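These notes are about the structure you will find just below.
The values are calculated or read from the model by the stated rules, or taken from the named source; none is laboratory data. Note that the structure is a prediction, hence the values are computed from the model and not measured. Cβ coordinates were reconstructed from backbone atoms using ideal geometry, including for glycine residues, and neighbour counts include every protein chain displayed. Remember, those area values only see protein heavy atoms, side chains included, never the ligands or the DNA or RNA. Shrake-Rupley method; radii C 1.70, N 1.55, O 1.52, S 1.80 Å.
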Amino acid sequence: MVFEQNTGYSIIQLLQLFAVYSFIGWLVDNVYCLIKDRHRFDRGILKGPYMPIYGVMMIISLLVAHQLEEDLAYMIMILFVIATVVEFISGLLIHLVTANRYWSYSDRFLNIRGYTSIYHSLKVTLILAGCLVLVHPIVMSVLAIMPPWVDLVFLIVFYTCFISDSIDAIDEGLFMRKFMKSDIKIYHRDKKKK
């Protein structure tokens, strides 16, 4: 009860919103890549239809927005910081676990070790602001009309899949990191024409 008064959301709502925005982020990211690159490919280390980086960004943004409802300029600056910090930490953690970089902004002006850049953070800031103003009220309306049993089933299914997928991804990433650091060499035979 005190948590809900301080944040504006119950823990159940935050769990739902993380799931919803992780999915929406995955969907938007894939559509953007489909349009930009003319083909679809899964980005990130998880196999399911979710990208937790976007869920985390939106949850933090919602919690901050609840506290700063009146000050729009300050809110935009905070959204920029959220986008930059979450993207940087996500890229760094993925790199530390898997020894791979799933994205790089190294060629962009004012990038931070290639994990994020000013340009990308500005784009994500605008998307976050748009989501807070346009998408979030619709999401909350849909969640409000869902029966409690649907909420429960949705949360159980989503988090069972998400946690299992996350464990697999970490396990696979640690294996690949160990394999890449080992002295094991992979030799490829050249196929010679006779």
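A few remarks follow.
- Loop-located chymotrypsin sites (Phe, Trp or Tyr not before Pro) across segment 33-96 with a Cβ neighbour count of 15 or fewer within 10 Å are F41, with loop assigned by DSSP.
- Peptides ranked, highest mean first, by Cβ atoms within 10 Å: ranges 161-168, 148-155, 14-21: 14-21, 161-168, 148-155
- Full extension of the chain between I76 and F154 gives 24.9 nm of extra length, using 0.36 nm per residue less the Cα-Cα distance.
- Apportionment of accessible area to carbon and sulfur, the chain, percent (1.4 Å): 69
- Among the GluC sites (Glu not before Pro) within segment 16-121, those in coil by DSSP and having at most 13 neighbouring Cβ atoms inside 10 Å are E69, E70.
- Placing R0 at 35 angstrom, the Cβ-Cβ distance between C161 and V64 gives a FRET efficiency of 0.80 after rounding to 0.05.
- Relative contact order of the chain, pairs being alpha-carbon contacts under 8 Å that are 6 or more residues apart, as %: 19
- Charges were assigned to the Cβ only: +1 to each Lys and Arg, -1 to each Asp and Glu. The resulting dipole of the chain about its Cα centre is roughly 1680 debye.
- Surface exposure of the chain, expressed per residue as accessible area with a 1.4 Å probe, stands at 67 Å².
- Loop sites in segment 22-94: trypsin sites (Lys or Arg not before Pro), DSSP, at most 10 other Cβ within 10 Å: R38, R40
- The slack between Y119 and I89, meaning 0.36 nm per residue of separation minus the straight C-alpha distance, is 9.1 nm.
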